[in-house]
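Q: Quick one: structure below, then a few questions.
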Amino acid sequence: MAPSSLRKLWSLPAADRSLLVHSVLLIGTARLALWALPFNVVRRLMARLPRHSSAPYATTEKIGWAISVGHQFVPKGNCLPQALAAESLLTHGGHPVELRIGVVKTDQGRLEAHAWVESGGRLVVGDLTQGLATYTPLPPLPGVGR
């Protein structure tokens with residue numbers, strides 16, 4: 001991490017700094033777990049992780065921010081680990097959460113997938129520059145509970 005990045009991190013309010021660090025750890029945990037375990041197992045395990053602090057629960061906006069910044073520090077922390085981390089944080093925060101997966105067929109005939117998370121009908125994690133409208137959403141995944 002560059003010195004300027006460390007200065008930025010330490011200049012954040014303590015609650016934001018804690019949420020950001022926890023988000024990086026969750027994205028990394030999800031990424032590693034997905035290498036070794038099936039998706040549904042990882043999803044259940046992520047939902048059961050203990051809450052990271054006694055600080056007030058983060059808003060959906062803060063969670064989205066922390067995931068969008070935090071994924072930059074996790075190699076291959078693509079949309080699925082981000083979505084799993086966001087689902088865990090939102091679930092622990094008592095927010096409604098819906099992890100979605102969509103697919104699109106490329107011009108070359110390949111099938112590509114994208115994961116995103118919504119809360120209360122609003123996109124929290126997984127925005128794409130070309131938009132989610134190009135993806136055909138699969139049926140909603142059932143909630144994982146706690």
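Q: Give the dimensionless ratio obtained when the Cα radius of gyration of the chain is divided by 2.2 N^0.38 Å.
A: It is 1.05.
Q: Right, here's the next one. Output ³J(HN,Hα) for segment 17-29: one whole-Hz value per residue in order, computed from phi by the Karplus curve 6.51 cos²θ - 1.76 cosθ + 1.60 with θ = phi - 60°, and x for Gly and Pro.
A: 4, 4, 5, 5, 4, 5, 4, 4, 5, 5, 5, x, 4
Q: So, one more: With Kirkwood's inverse mean 1/r over C-alpha pairs for Rh, give me the Rg to Rh ratio of segment 67-132, two decimals please.
A: Result: Rg/Rh = 1.01.
Q: Also, I was wondering about something else. Per residue of segment 32-37, what does 6.51 cos²θ - 1.76 cosθ + 1.60 with θ = phi - 60° give for ³J(HN,Hα)? Whole Hz please, x for Gly and Pro, Karplus curve as stated.
A: 5, 5, 5, 5, 10, 10
Q: If you don't mind, there's one more thing I want to ask. Between the DSSP loop rule and a limit of at most 16 other Cβ atoms within 10 Å, which trypsin sites (Lys or Arg not before Pro) in segment 88-134 are left? Write out the running numbers ahead of the final one.
A: Working: sites: Arg100, Lys105, Arg110, Arg122; in loops: Arg110.
For trypsin sites (Lys or Arg not before Pro) across segment 88-134 that sit outside H, G, I, E and B with at most 16 neighbouring Cβ atoms in 10 Å, the list reads Arg110.
Q: How long are the three semi-axes of the equivalent ellipsoid for segment 33-110, computed from the Cα gyration tensor as the root of 5 times each eigenvalue, in whole Å, largest first?
A: Semi-axes, largest first: 25, 15, 13 Å.
Q: Starting at the first residue of segment 68-73, write each ³J(HN,Hα) from the Karplus equation 6.51 cos²θ - 1.76 cosθ + 1.60 with θ = phi - 60°, in whole Hz, x for Gly and Pro.
A: 5, 7, x, 5, 5, 9
Q: Collect residues whose amide H, placed 1.01 Å from N in the peptide plane, falls under 5 Å from the amide H of Val125; neighbours closer than 5 in sequence don't count.
A: Val117
Q: A further question follows. Mind pulling the angle between the C-alpha long axis of helix 79-92 and the longest principal axis of the chain? Nearest 10 degrees, somewhere in 0 to 90.
A: That works out to roughly 60 degrees.
Read-outs throughout are calculated quantities, based only on the coordinates presented, and are distinct from any laboratory measurement. Note that the coordinates shown come from a computational prediction; the quantities given were computed from them, not determined experimentally. Virtual Cβ from ideal backbone geometry, glycine too; neighbours counted across all protein chains shown.
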